[in-house]
Each structure stands twice: as C-alpha cells, then as structure tokens.
Amino acid sequence: MNQAENVLIIDDEVQIRRLLEITLTANGFNTFFAASGKEGLVSAATHNISIILLDLGLPDIDGLDLLSKFREWYTKPIIILTVRDAEEDIIKALDSGANDYLTKPFRSGELVARMRAALRLSKEKGDNPVLESGSLTIDTVSHIVRKNGVIIKLTTTEFSLLALLARNKGRVLTHQQILKEIWGFGYLEQTQYLRVFIAQLRKKIEDDPSIPTLLITESGIGYRFGA
Amino acid sequence: MKRNIFKSGISQYALAVAAVAATSAICYVLARYLGYQSISLILLFMVSILATFLGIGPVLLAASLSAFIWDVFFIPPRYTIHIERTEDILMLGMFFIIALINGVLTTRIRKQERLARDREERTNALYQLNRNLSAAANKAQFLEESDKLYKTLFNSISHELRIPVATIMGASDSLLSSVHPEAIRVELLTEILKASERLNRLIENLLNMSRLEGGRIKPRPDWHDVHDLVNEVCENLKEELSRFRVQVNIPEDMPPVKIDFGLMEQVLYNLVHNASQYAPPSTEIGISAFYSDGLLNLQITDRGPGFPENEISLIFNKFYRVGGSKPGGTGLGLSIAKGFVEAHKGMITVENRSDGGAMFRISIPAETFREDINQ
C-alpha cells in the first residue's frame, strides 16, 4: 500500500475502538472514529474515507438503517461488525450493500485481511476478461476455464456461478444475491440449486472437493471465492 | 362454642330452671285448650331438648322440677301435690323416669360423641403434623439437592470463568511489568489468546443453554451440504484436532439436506470437541455421515476411555460430569448437543465401542433433494 488509507470506525465501545486503532495503525491505516451513527455520517462526509467499519449495535440509530443512509452516496467498502448469532442481520446488511462482515470477537489478522481484500476489490476496474486465482484461470469472454493449464468442461450455469464468485473474489455473496444473479428473481428460495451446483463445481475445480479452498461456504450466509 | 357458653355449672342450672319456668307458663295458658296429659308431653319434649346440650345435673333438675310443676299445676286437683287418680300417679312416675332416662341417655351419647370428636381432632392434628413434618422433610431434601446442584454449577462455572480470566490478567500484567525475551512474549500472548477463546466458548455454551431453557430454539432449516458442516467444525477445531488423525467419511453421492446449519454445527462441534478433550493424542477421531430413509445420520467416534456403563444414561444431563473427569468443562456441551438434536426432532445416543472408545450416533429427520438439476 503506497499511501495510508483512511478508515472510519463507527463503534460505541471505547475498548474496541482503542484496540482497532492500535491494530489498524500498526497495519498502515489512518484511523477516524465515531461513537454514534450521526457522528459517523458527519465524519465520512468530511474526511476522504476509503473504508468504513460499522458496528450494527449503535446507540442512536439502527445499524441497518445507517447502512442504507451511507449507501445513498457512499460507494466505497463498508465492513459490518456484529455479534454472533445475528445471521439475519448479516444477510440483510450484505443484501443492502455491505461488502463483508466479521462477527465479534474476531482476530485482528482476519480483520486486516478482509479490509485489504475489500479495498483491492473496490479498486479493480472489473474489466479484466481473464480472472486468475492460483492454478485456476477463468476467461470470461471465451468462457474457458483452465486448471493447471488443462481445460475444464463446465455447463453454462456452472460457468456463470464460478465467474460471478470469482469476479467478487474475497467478498461474501449471499445466497439471495447469487440466486438472483444466476437464476433470476423467481428462484430466490431455491437454495438447494445452489448446493447442488456448488458441489458439482467443487468436484471439477477444487484440489480436494471435501476441503474446498476456492468456493468457500459462509455458513448460513452465502459463499466467498477464496484467494 | 356452645359448650363454652354453658361451661359454668350455675348458668346451666339457671338455664334449666328458666326453661322449665317458661315452658310451664306457656303450658299454663295452653291448659285451657289441652288436656293435662298433653301438657306432660310438652314438658317432656322440653326436657329432651335441654338434654341435648346441658349436663346431667341440670337435666335432672329440669326433669324433677317439671314433674313437680306438672303435678301441682296441671294434674287435678290443681294447685295441690295430691293426685286423685291412680293412673295419674303412674303417669307422673313414668314422666319422671322417661325424663331421667332421656336426659341420661342423651348426655351419654353426647359425651361419646364428644370423645369421638376429640379423638378425630387428635388424629387429624397428628395427621396434619405428620404431613407438615414430611413436607418439611421433603422440602429440606429438595433444598439440599437444589443447593447441591447450585453449588456444583456455581463451582464449575466460576472455575471455568476464573481460570481464563486469571490467565489473561496474569499474562498481560507480566507483559506490562517486565521485559521478556521474544519467545516468552509470544508464549504469554498465545496464552492470552487461548484463554480468550476458551472464555468465548464458555459464554457461547451458557448462552445456548439459556436459549434452550427459555424454549427459544426454533430450527430454521435450509438446504446444506454435509461436507460444509463437517468442514466448518474441523476448521473451527483445527488446533485441537491437529493432535489426532481425523477420519471423515461421507458418501460421494450424499445429497443436500434441509437442516439448521448453525444448530447442527454446534452439535457436531461439541461432540468433536469433547472427543478431542478425552482421547489420547494421535488416536483416530471419526466423523461419518450418511442418509437413509429420510434420516440424516451422523456418527462421531473416538478412541478415548469411553463412558462408565453405569453413568452412560446420565451424560446428557445438564452439568453432569463423569466421575474422575479431568478439570475444565462445565458439563454443558453434551446436554446442549442433545437439546439441539431434539429441537430437530432427532435422536442422539452414545455407546462404548467393543474395541475401545465412544461412539455418538445422531439421526434427525431431514428432507433431501435427489433430483438432478440440469442448467
């Protein structure tokens, strides 16, 4: 990272803020803080913020509402921080434009990795027709997928699914987002389609389909394409 | 109550005299219309009534007095003691005797009745006392038992909470107060991380337990790949499982099943974690899954010490810990696993393997999806 990125942390817990400040500063970020939703909105508008860490449990405003407010004008990555067992909220947040989520307590290494992935993703122009990940190359123009140079035969749906996840490398896509994108609005409840196709894809592209490293399950939430 | 009012002898005698006087006065008026024989019956009736609530003495007095009054005021010739007709003498004698017998018998019956009542009251009192005593004994026993349970719970939880907190405080304090070589620093920091994870796991279990107790566990099944379930658990227990040979066995054609991923993940996590705590290092921990007849079956096997046969029915009980268990653990993990499996309307059983170790079997009814989807 050439230039330090500005990160805005919106969280009302002093200890968590301090911890994030230490961790993120050590990892080359400039940190800005807000203890409430209102402060957060002001701070994001006045500083050139590259990425926001948003805690869903804020004192003054519902985190999901705040997220929608941000998404009216803020296009850069927002990562949600929340407590465990809040799957519904996580899904809602991802569906309303959050880029990623982390459940508290989390490891700081994991946080920094997710932030870097989100930042990288937001900066990619997305016009590169060839997506690469380890031994896998996906040519989105010719629809050819190679693993270690060997062409892998995929059905149309399998290819669309793989390309969608690979384009969003490192980012969680919810079941609904994937179903909507690949099968259309009529299939939002058909998660079993997704299970079947992911299982088929894993057999074709993973080194060991039972321990996937490319198509990673985010339990109860969705899938993420691993690096 | 009545007995109390007439307790004093004098008032009883006074009442007897008054009653006789009053009745006689009424009879004196009635004598104009009635024969003197009928008057004797009225007097006798009055004496009988008195006998039902007065003592023997006052009744005797009333009987004698009314016999005398009947003789003097009603039997002809009136206003004399003298009786002309022989049959009237006979009737007076009989009146006196009947009044007496009546009085004595009624009093005796009443006395027996009172004795019986007293006996009954005593029996009742004894019964009540006995009941109170046994209730008290039961309550004492209950209190003692719940007290014991509470203490066990309190001890294990406070121990489980304190140990990691003590580790975190001690290690961070040491890091703050003295300069350590890098290797020691890393070790202390690793201990802090481990203790925090342990604390987090305990909190998770306590929260789950209270959700179960509150009946707030409602499975929300969705389609899931059993591989994902097993992978997630193995990933979360990576460190614990690194000391074992983990054998995962899931058929190639295992269909997606409709389950609540979060709940089943917790079930599998608790069982595998349990195995990793008790089995000796480098032994095999097996996780297998198969689908048959509408049931998703999971089996978790280990080569640990197994369970004492006489305690095997108790191990799913809340806070139950097998005798001689190593320290650490609250006795919550298995009971949460059971609660979550039952929330899926499933069953969990455990048995000792013939060649050593324990085997947990879970089967839960789960929809499946076998239809091939093409494009």
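The values are calculated or read from the model by the stated rules, or taken from the named source; none is laboratory data. If you're wondering where the values come from, they're calculated on a predicted model, not measured in any experiment. No Cβ is skipped: glycine too gets one built from the backbone with ideal geometry, and neighbour counts run over all protein chains shown.
Each row is one residue, and each column tells you yes or no for (1) in contact with a Cys (Cβ under 6 Å, 6 or more places away or on another chain); (2) among the hydroxyl-bearing types (Ser, Thr, Tyr); (3) at pLDDT 85 or above.
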position: A:66; (1), (2), (3): no, no, yes
position: A:69; (1), (2), (3): no, no, yes
position: A:76; (1), (2), (3): no, no, yes
position: A:80; (1), (2), (3): no, no, yes
position: A:101; (1), (2), (3): no, yes, yes
position: A:127; (1), (2), (3): no, no, no
position: A:138; (1), (2), (3): no, no, yes
position: A:142; (1), (2), (3): no, yes, yes
position: A:145; (1), (2), (3): no, no, yes
Q) In this structure, is residue B:228 within 12 Å of chain A (Cβ to nearest Cβ), charged (D, E, K, R) and either assigned to a loop (DSSP other than H, G, I, E, B) or in contact (Cβ under 8 Å) with a residue 60 or more places away in the chain (or both)? A) no
Q | Residue selected from the stretch B:58-86 under the condition in contact with an Asp or Glu (Cβ under 8 Å, 6 or more places away or on another chain) and buried (at least 16 other Cβ atoms within 10 Å of the Cβ), by the criterion nearest to residue B:23 (Cα to Cα) | A | B:75
(Q) What's the total number of residues in the stretch A:203-214 that are buried (at least 20 other Cβ atoms within 10 Å of the Cβ), more than 10 Å from chain B (Cβ to nearest Cβ) and within 20 Å of residue B:234 (Cα to Cα)? (A) 1
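For every residue, the table says whether it meets (1) assigned to a helix (DSSP H, G or I); (2) closer than 22 Å to residue A:114 by Cβ.
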residue	(1), (2)
A:158	yes, no
A:166	yes, yes
A:179	yes, no
A:186	yes, no
A:193	yes, no
A:196	yes, no
A:199	yes, no
A:209	no, no
A:216	no, yes
Q: Could you pull out the residue among A:54, A:41, A:58, A:24 that is closer than 22 Å to residue A:222 by Cα and either outside the structural domain of residue A:114 (by TED's automatic domain parsing) or in contact (Cβ under 8 Å) with a residue 12 or more places away in the chain (or both)?
A: A:54
**Q.** Test: residue A:112 is aliphatic (A, V, I, L, M), out of contact with any Lys or Arg (no Cβ under 6 Å at 6 or more places or on another chain), assigned to a helix (DSSP H, G or I) and surrounded by fewer than 17 Cβ atoms within 10 Å (Cβ to Cβ)
**A.** yes
(Q) Quick check on my filter: what residues within the stretch A:68-109 are touching a residue at least 60 places away in the same chain (Cβ under 8 Å) and crowded, with 17+ Cβ neighbours inside 10 Å? (A) A:81, A:87, A:90, A:91, A:94, A:99, A:100, A:101
Q: Sort through A:145, A:141, A:150 and tell me the only one that's β-branched (Val, Ile, Thr), in contact with a strand residue (DSSP E or B) (Cβ under 6 Å, 6 or more places away or on another chain) and in the same structural domain as residue A:204 (by TED's automatic domain parsing).
A: A:145
Q: Identify, by number, the condition in (1) farther than 30 Å from residue B:44 by Cβ; (2) not in a helix (DSSP H, G or I) that residue B:127 doesn't meet.
A: (2)
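For (1) free of Cβ contacts under 8 Å to residues at least 24 places away in the same chain; (2) aliphatic (A, V, I, L, M); (3) closer than 26 Å to residue A:220 by Cβ; (4) not assigned by TED's automatic domain parsing to the domain that holds residue B:206, each residue gets a yes or a no:
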{"residue": "B:266", "(1), (2), (3), (4)": "no, no, yes, yes"}
{"residue": "B:285", "(1), (2), (3), (4)": "no, yes, yes, yes"}
{"residue": "B:291", "(1), (2), (3), (4)": "no, no, yes, yes"}
{"residue": "B:298", "(1), (2), (3), (4)": "no, yes, yes, yes"}
{"residue": "B:310", "(1), (2), (3), (4)": "yes, no, no, yes"}
{"residue": "B:329", "(1), (2), (3), (4)": "no, no, no, yes"}
{"residue": "B:337", "(1), (2), (3), (4)": "no, yes, yes, yes"}
Q: Output the residues belonging to the stretch B:195-225 that are part of a helix (DSSP H, G or I), more than 10 Å from chain A (Cβ to nearest Cβ) and modelled with pLDDT under 85.
A: B:198, B:201, B:202, B:205, B:206, B:209, B:210, B:212, B:213
Q: Sort through A:200, A:176 and tell me the only one that's within 14 Å of another protein chain (Cβ to nearest Cβ), under 18 Å from residue A:95 (Cα atoms) and not hydroxyl-bearing (Ser, Thr, Tyr).
A: A:176
(Q) Would you confirm whether or not the stretch B:283-293 contains a residue that is of a type in the set (Asp, Glu), more than 17 Å from residue B:351 (Cα to Cα), out of contact with any helix residue (DSSP H, G or I) (no Cβ under 7 Å at 6 or more places or on another chain) and part of a loop (DSSP other than H, G, I, E, B)? (A) yes
**Q.** Odd one out for residue A:220, checked against (1) in a loop (DSSP other than H, G, I, E, B); (2) free of Cβ contacts under 8 Å to residues at least 24 places away in the same chain; (3) within 11 Å of another protein chain (Cβ to nearest Cβ)
**A.** (2)
Q | Selection within the stretch B:210-226 - out of contact with any helix residue (DSSP H, G or I) (no Cβ under 6 Å at 6 or more places or on another chain), of a type outside the set (Gly, Ala, Ser) and surrounded by fewer than 21 Cβ atoms within 10 Å (Cβ to Cβ) | A | B:211, B:213, B:216, B:218, B:220, B:221
Q) Looking at (1) more than 12 Å from every other protein chain (Cβ to nearest Cβ); (2) outside any helix (DSSP H, G or I); (3) modelled with pLDDT of 90 or more, which is the one condition that is false for residue B:248? A) (1)
Q. What about residue A:168, is it in contact with a Leu (Cβ under 9 Å, 6 or more places away or on another chain), surrounded by 17 or more Cβ atoms within 10 Å (Cβ to Cβ), over 27 Å from residue B:204 (Cβ atoms) and at pLDDT below 90?
A. yes
Q.
For the list (1) within 12 Å of chain B (Cβ to nearest Cβ); (2) closer than 23 Å to residue A:78 by Cβ; (3) crowded, with 21+ Cβ neighbours inside 10 Å, I need the number of the one condition that residue A:194 fails.
A. (2)
(Q) Looking only at the stretch B:251-266, count every residue that is closer than 30 Å to residue B:203 by Cβ and either within 10 Å of chain A (Cβ to nearest Cβ) or not in a strand (DSSP E or B) (or both) and tell me the total. (A) 9
Q: Examine the stretch B:267-277 for a residue that is of a type in the set (Phe, Trp, Tyr), assigned to a helix (DSSP H, G or I) and within 14 Å of chain A (Cβ to nearest Cβ), and state whether such a residue exists.
A: yes
